[in-house]
Amino acid sequence: MSENKPRLNRVTLFLIILPLWLFGSAGGALWYYFHREKKDAEIEQKRFVQAVSVPLIQDDLKKIVDVIGERNASSETAAKNLSRMSAMIEGLLGPSNTGYPVKQHRGPADWPLIQVTIKGTKPENPAVWVLTSYDSRSGSKGAEANATGLAATLAAAQALAHDKPVAPIHFVFLPHVNDIESPVLETASKFLELSKSAGSPRAILCVEAMGSGEPLWLTSRDTTATPLTLISGLGEVYGAEVACLGEDSDLASTLFEMDQPAVRVATRAMLTAEDEDERLPFAPTVAASAGRLVELIRRCSAR
């Protein structure tokens, strides 16, 4: 009896320690898993920011918002500014800077649709189209509508210039999207003529309002659109009633009405007519969202 007592004590102690050890081990493993996941996410976030240059984004935003300012056909000054904006896009992306051959396609008014292209290793594959606007609303400097979308798209075109995607990537800059008095539908139709020559698209990304946060908001009235399935780690998919405020005046919705699988890429809902849009956006935020745009384009063009 006395010999069994120490043995029983040891068994009892073991039965007490074992669950505590299992609990502690499980807790430690969970802590390590979530700590590692957090560190990986932080590394990924830094990678997005490093994909584009914050100083270049800042310089572009300042030039678009403060130096050029209002750019549309509503007045002689704004019209001249729209021409200056067109020249700036061509200068930044052309042979003397980024190195693209720049194509100008006649628009419905006096300003061109500007296109640069990255050839795919399989040029016969359906292409990825990245669209943005270079005009502003009447009476506005157009910070979120659409200096941030324009700066992010320029940064993406520069970051991807030396990539070798599987599918071709076309960047197109449109002169009339934000000013409702301009030929917006006619501009969308001109793009449609242009894109049809390349066959059915794999994706159409319509980039706007990229300065309100880092994660991307993807919205499309075509729920089967390819980019919606490639957003993991880059942002979220939002319904049109949230992102477009029940309206169908955004570029992606306009193209959807023309039977195109267009996706709105932004970091916020559409601006309303009452929203102030004069303040210079915060460049690091736009750089981070632009980095995510770069990754989304890479995913879309990977096959």
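Here are some notes:
- Filtered by the rule that a residue be crowded, with 18+ Cβ neighbours inside 10 Å and either in a strand (DSSP E or B) or not β-branched (Val, Ile, Thr) (or both), region 213-229 gives GLU214, LEU216, TRP217, LEU218, THR219, SER220, ARG221, ALA225, PRO227.
- Odd one out for LEU280 among (1) of a type outside the set (Asp, Glu); (2) out of contact with any Lys or Arg (no Cβ under 8 Å at 6 or more places or on another chain); (3) closer than 22 Å to ILE57 by Cβ; (4) part of a loop (DSSP other than H, G, I, E, B): (2)
- Within region 292-303, the only residue that satisfies the criterion of being surrounded by fewer than 24 Cβ atoms within 10 Å (Cβ to Cβ) and within 13 Å of MET210 (Cβ to Cβ) is VAL294.
- Look at region 81-99: where a residue is free of Cβ contacts under 8 Å to residues at least 40 places away in the same chain and in a helix (DSSP H, G or I) and a partner is crowded, with 18+ Cβ neighbours inside 10 Å and acidic (Asp, Glu), sitting 6+ places away or on another chain with Cβ atoms under 7 Å, you get ASN81/GLU70.
- Qualifying positions in region 161-179 - in a loop (DSSP other than H, G, I, E, B), among the hydrophobic types (A, V, I, L, M, F, W, C) and surrounded by 21 or more Cβ atoms within 10 Å (Cβ to Cβ): ALA167, VAL177
- Number of positions in region 230-262 that are β-branched (Val, Ile, Thr), farther than 21 Å from SER182 by Cβ and outside any loop (DSSP other than H, G, I, E, B): 2
- Qualifying positions in region 238-265 - over 19 Å from VAL184 (Cβ atoms) and among the aliphatic types (A, V, I, L, M): VAL242
- Unmet criterion (only one of (1) assigned to a loop (DSSP other than H, G, I, E, B); (2) at pLDDT 95 or above; (3) farther than 25 Å from ASP275 by Cβ; (4) not hydroxyl-bearing (Ser, Thr, Tyr)) for GLN158: (1)
- Residue match in region 263-277 (condition: assigned by TED's automatic domain parsing to the domain that holds PHE191, outside any loop (DSSP other than H, G, I, E, B), surrounded by 16 or more Cβ atoms within 10 Å (Cβ to Cβ) and without any contact (Cβ under 8 Å) to a residue 60 or more places away in the chain): yes
- For region 101-109, the condition holds for no residue, the condition being that it is under 24 Å from SER197 (Cα atoms), within 22 Å of the chain's Cα centre (by Cα), modelled with pLDDT of 95 or more and of a type in the set (Lys, Arg).
- The number of residues in region 106-153 that are among the hydrophobic types (A, V, I, L, M, F, W, C) and in a helix (DSSP H, G or I) comes to 6.
- Candidate set: region 213-245, residues that are of a type in the set (S, T, N, Q) and within 30 Å of ALA109 (Cβ to Cβ); chosen: the one nearest to the chain's Cα centre (by Cα): THR219
The values are calculated or read from the model by the stated rules, or taken from the named source; none is laboratory data. Since we're looking at a predicted model, the values are computed, not measured. Here Cβ is always computed from backbone atoms with ideal geometry, including for glycine, and neighbour counts include all displayed protein chains.
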